[in-house]
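Accompanying notes for the structure given below.
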Amino acid sequence: MDTLKTALSPDRLRNSLDPGALAMDNTGELSTLEGLIGQQRALQALQFGLGMTKAGYNIYVAGEPGLGKMTAVRGFLERMAVAQPSAKDWCYVNNFADPSQPLALSLPAGRARAFQRDIKRLVERARVEIPKAFEAEDYAAQRDALGKALDARRNDLLAELRGRAREYGVMLQMAPYGIMTLPLRNGEPIADDVFESLPKSEQDELRKHNEAFQEHVRATMKAGRELDRQMLEQVAALNKKVAQYVVGGLVDDLCDDYADLPPAADHLRRVQVDMLDNFELFQHGGTPAEGAAPAEQAAPAWMRDLPLRKYQVNTLVDADGRPGAPVVVELNATYANLFGRVERESQFGALYTDFTLIKSGALHRANGGYLVLSIEDLLRQTLAWDGLKRALRTGKIRIEDIGEQLGFVSTRMIRPQPVPFKAKVILVGRAYFYHVLCAYDEDFAELFKVKADFDISAPRDAATVRDCLRFVRTLCANEQLRHMTPAAAALFIEHASRLAEDQNRLSTRFGLLSDLVREANHWAGQDGAQDIQVEHMRQSLEQRVHRAGLVQERLQDMIARGQLLIDVHGDTIGQVNGLAAVDIGDAVFGKPSRITASVEPGRAGIVDIEREVALGGPIHSKGVLILSGYLAHRFGADRPIALAARLVFEQSYAGVDGDSASSAELYVLLSVLSQLPLRQGVAVTGSVNQPGEVQAIGGVNEKIEGFFDVCRALGMDGRQGVLIPASNVQNLMLREDVVASVRAGEFHIWGVRTIDEGIEVLTGVPAGSRQANGKFTRDSVNARIDARLRALARQLREAAGPEQGRRAPGIALDGVRTPG
């Protein structure tokens with residue numbers, strides 16, 4: 001048969017775009033793009049999730065890496081957030097009743113900073129005005145008057161006590177430690193020696209009088225202390241009156257400004273009460289008082305200011321100047337970055353903290369808006385995922401020390417009042433994490449009820465092509481890149497189809513596509529070009545392959561030098577070139593591998609040598625087992641099949657998996673059975689099912705190009721090519737040099753639907769079909785195979801002897817014999 005006539009035509013190998021159809025001089029003529037390309041399903045899910053106000057309708061954005069999900073979601077949210085109400089400000093203030101539990105205040109946007117400034121000015125003015133009030137002459141006069149009144153009353157008490165002393169015959173003597181009494185005799189104090197010489201009766205009489213008088217002394221001393229207490233109370237009342245005059249006026253003015261904000265006004269009144277209770281903090285204007293201890297006088301100013309920090313306002317979230325609702329993207333989702341922290345500062349070797357050291361987290365900043373997190377980053381952080389779920393369930397943000405939660409810290413900490421939380425949380429990550437969380441986290445489905453799936457490709461229609469070029473125009477404008485010519489733009493679109501592995505779709509991996517534009521702009525700059533030309537785009541693609549192509553070049557060099565045995569000329573029985581796609585992270589390329597088979601009479605069935613030595617993966621083993629099913633389906637309708645066949649990947653020293661080589665393994669097995677040689681210049685890829693249909697595989701472009709490069713290195717004679725599943729033809733976006741070689745008749749590509757079609761290409765012999773008499777077409781491939789299988793069964797019966805020969809033979813599938 002003429003296999004060249006059945007090969008695919010060049011126009012089916014690449015869906016090229018005519019640059020003239022773009023109708024532009026360069027991409028700079030296009031309008032900028034706002035929105036998502038080809039993600040209508042995800043867009044509808046986002047709009048639904050953001051529109052639902054009920055609890056639990058948070059969103060999980062699922063998609064493969066490189067789709068630009070994070071950038072796209074941020075842009076979408078920012079456009080929506082502008083029309084939303086502005087978020088509130090949040091601040092923490094001192095709880096004067098319990099300083100260990102600071103209070104959270106919610107204020108309109110922009111008011112928290114103003115409140116903070118006003119409180120700061122209040123304290124500063126109090127530090128100036130209160131000392132002035134206490135230095136005023138009127139205050140001094142009133143305090144002096146109180147002192148004089150006290151002295152007069154104290155003198156009256158002493159005068160009264162002296163009169164009593166005369167009545168009791170004692171004399172008063174003032175001492176630093178109190179009042180002493182001395183007995184009198186004839187109006188004169190009695191010395192100790194004289195007192196001892198007096199008769200005992202007289203001594204007892206004098207002692208009795210002295211003890212009786214001591215009651216009056218104690219009463220007078222008590223009255224004096226009461227006068228001192230009253231004096232202190234009167235001075236304190238005077239001081240408080242003076243402070244009230246100053247502080248009350250200052251606070252009243254502020255309360256008028258915050259009359260529309262009861263929480264702020266209430267806090268101002270609490271500040272006023274505490275200032276009046278502790279006015280001595282302001283009495284000296286922040287400088288040490290006269291007679292203060294030396295340590296206090298030597299203390300730095302910041303330390304003297306510490307007692308006044310309790311009046312400060314700690315602005316946690318400031319929404320001033322930000323239109324609409326907040327959009328927060330937290331790329332480092334640690335527990336502290338999400339929920340905030342309470343910092344500590346060192347003072348003379350000790351750690352100190354208060355409410356002014358409370359710092360906000362991403363949840364505080366996103367409150368009233370949208371919070372975007374990477375699920376992979378979130379799950380890596382200790383307690384972050386559990387904390388986020390707790391905040392969503394309770395609707396509150398609690399600032400807690402992670403060390404305390406883990407049991408590492410047992411010191412006393414402040415516990416700020418929780419902040420009410422209401423925001424949409426958008427998690428971004430791979431679909432894998434979504435499925436894992438649905439399966440193993442019972443809270444996940446209740447908290448994230450909306451899934452927005454990002455597709456890896458979009459239909460290649462005129463509208464999507466235009467949007468992709470508008471994306472290029474936006475990227476170039478934002479990053480000051482050169483614009484593309486129509487030819488370069490056409491190649492860009494073709495490469496997007498190649499990334500999608502589909503002639504009729506475009507890849508939405510805009511991260512990779514953006515890098516391609518940036519690299520092409522670099523090469524255009526090297527040439528001094530005004531626009532990105534098509535040659536710059538080609539150079540960018542070629543350089544990408546070259547930078548990551550060291551391993552591929554080494555393998556091809558080993559093939560060219562005969563170290564890896566690959567034939568691309570001639571025909572051989574039981575040998576074929578299978579194709580695999582090698583993924584090494586930064587590069588994917590095709591690599592041919594020689595597959596061989598051997599057959600003999602026996603009951604071992606088809607033995608996969610790769611599996612026997614634990615180099616074959618489960619999917620590869622499944623593909624080999626399907627070959628037994630194919631033989632039974634095609635040739636075992638009227639009898640059991642008995643054979644021992646061995647399949648192996650030659651020079652394979654690593655694991656083999658996947659079923660894309662199963663058709664190649666079947667072709668080489670059929671070649672051995674039919675004793676027909678296979679064309680070594682034709683490599684094979686594709687999986688197969690039991691009825692013999694060839695099924696689609698992945699990496700078809702890389703596989704074809706990898707074998708093309710090997711053929712070019714070993715020399716082409718016009719008979720080389722690749723056999724692929726017909727269902728993969730729509731995935732072909734081959735390199736331009738491969739298409740040119742096909743057009744020149746040097747290389748060929750066949751798309752086959754069945755094993756029969758493929759074996760005809762490889763052998764040049766008709767496959768043959770089963771006739772009405774149950775036999776296959778004479779001299780066909782299948783007829784030869786059927787005859788060989790009968791001969792193998794006959795040889796096995798003869799070798800087994802008469803007794804064994806009477807037993808019905810069976811077919812062994814991978815070492816397991818089935819009943820015959």
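Here's how it looks for I606: its modeled amide H is under 5 Å from those of A645, D814, G815, which are all 5 or more places away or on a different chain.
Of all lysines in the structure, those lying under 24 Å Cα to Cα from K449, and not within fewer than 8 positions of it along the same chain, are K54, K69, K389, K396, K422, K424. Within segment 307-373, the trypsin sites (Lys or Arg not before Pro) that combine a DSSP coil assignment with at most 15 other C-beta atoms in a 10 angstrom radius are R344.
Which residues does a label at D277 reach in segment 84-122, if reach means a backbone N under 16 Å from a point 7 Å past the Cα toward the Cβ? Backbone N within reach: 94-103.
Exposed loop sites here are chymotrypsin sites (Phe, Trp or Tyr not before Pro) assigned a DSSP state other than H, G, I, E or B and surrounded by at most 14 other beta carbons within 10 Å; excluding them, the longest clear run of the chain is 409-652. Expressed as a whole percent, the accessible surface of the chain that belongs to carbon and sulfur atoms is 50, based on a 1.4 Å probe. Using alpha carbons only, the radius of gyration of segment 427-509 set against its Kirkwood radius gives Rg/Rh = 1.16. Based on protein heavy atoms only, the chain ends up with 49 Å² per residue of surface accessible to a 1.4 Å probe. Listed by chain and number, the lysines whose C-alpha is less than 28 Å from the C-alpha of K208, apart from same-chain residues fewer than 8 away, are K200, K222. Sorting 529-537, 122-130 by their mean Cβ neighbour count within 10 Å, with the most densely packed peptide first, gives 529-537, 122-130.
Across segment 692-707, computed HN-Hα scalar couplings (Karplus, 6.51 cos²θ - 1.76 cosθ + 1.60, θ = phi - 60°) run x, 8, 8, 10, 5, 9, x, x, 5, 5, 5, 5, 4, 5, x, 6 Hz from first to last residue, x flagging Gly and Pro. Once label points are set 7 Å from the Cα along Cα→Cβ at both E78 and D567, what is their separation, rounded to one decimal in nm? Result: 6.2 nm between the two label points.
Taking amide H atoms as placed 1.01 Å from N in the peptide plane, the amide H of V682 lies under 5 Å from those of G721, each 5 or more residues away in sequence or on another chain. Between the beta carbons of L306 and E226, assuming R0 = 25 Å, the FRET efficiency works out to 0.10 to the nearest 0.05. What FRET efficiency do you get for D779 and R743 if R0 is 51 Å and r is their Cβ-Cβ distance, rounded to the nearest 0.05? Efficiency, rounded to the nearest 0.05: 0.90. The alpha carbons of segment 462-507 occupy a box of 31, 17, 17 Å along the principal axes, longest dimension given first. One decimal place: the segment S346-A141 gains 69.3 nm when fully extended, by the rule 0.36 nm per residue minus the C-alpha distance. The alpha carbon centroids of segment 583-610 and segment 495-548 are separated by 36 Å. Relative to the longest principal axis of the Cα atoms of the chain, the long axis of helix 486-500 lies at roughly 90 degrees.
Dipole orientation for segment 448-590: of the candidates S514, Q563, I573, S514 has the Cα lying most toward the positive pole (charges on Cβ; Lys, Arg +1; Asp, Glu -1). If you take all other residues with their beta carbon under 9 Å from the beta carbon of T485, and give Lys and Arg +1 and Asp and Glu -1, the sum is -2.
With both labels modelled 7 Å from their Cα along Cα-to-Cβ, the D25 to Q530 distance reads 0.7 nm. Take the Cα of H435, go 7 Å toward its beta carbon, and none of the backbone nitrogen atoms of segment 573-587 fall under 14 Å from that spot. The GluC sites (Glu not before Pro) found in segment 366-473 that occupy coil by DSSP, while having at most 14 further C-beta atoms within 10 Å, are E442. If you plug the beta carbon distance of T32 and H522 into 1/(1 + (r/R0)^6) with R0 = 22 Å, you get a FRET efficiency near 0.45. Cross-link partners for K120 among the lysines, with Cα-Cα distance under 22 Å and sequence neighbours closer than 8 places in the same chain left out: K88, K132, K240, K310, K359. Packing here is the average count of other Cβ atoms within 10 Å per residue, and on that basis the peptides 25-32, 312-319, highest first, run 312-319, 25-32. Taking the Kirkwood radius as Rh and the Cα radius of gyration as Rg, segment 324-443 has a ratio of Rg/Rh equal to 1.01.
Taking the Cα centre of segment 1-116 as origin and assigning +1 to Lys and Arg Cβ atoms and -1 to Asp and Glu Cβ atoms, the resulting dipole is close to 440 debye.
The slack in the chain from V551 to L512, taken as 0.36 nm per residue of separation less the alpha-carbon distance, amounts to 11.9 nm. For the chain, pairs of C-alpha atoms spaced more than 40 angstrom apart make up 63 percent of the total. You can think of it this way: the chain between D320 and A614 has 99.3 nm of extra reach, that is 0.36 nm per residue less the Cα-Cα gap.
Each Lys or Arg adds one and each Asp or Glu subtracts one; over the other residues with Cβ under 13 Å from the Cβ of G686, this totals -2.
The values are calculated or read from the model by the stated rules, or taken from the named source; none is laboratory data. The structure displayed is predicted, hence computed values, not measured ones. Cβ coordinates were reconstructed from backbone atoms using ideal geometry, including for glycine residues, and neighbour counts include every protein chain displayed. Note: areas computed on protein heavy atoms with side chains; ligands, DNA, RNA excluded. Shrake-Rupley method; radii C 1.70, N 1.55, O 1.52, S 1.80 Å.
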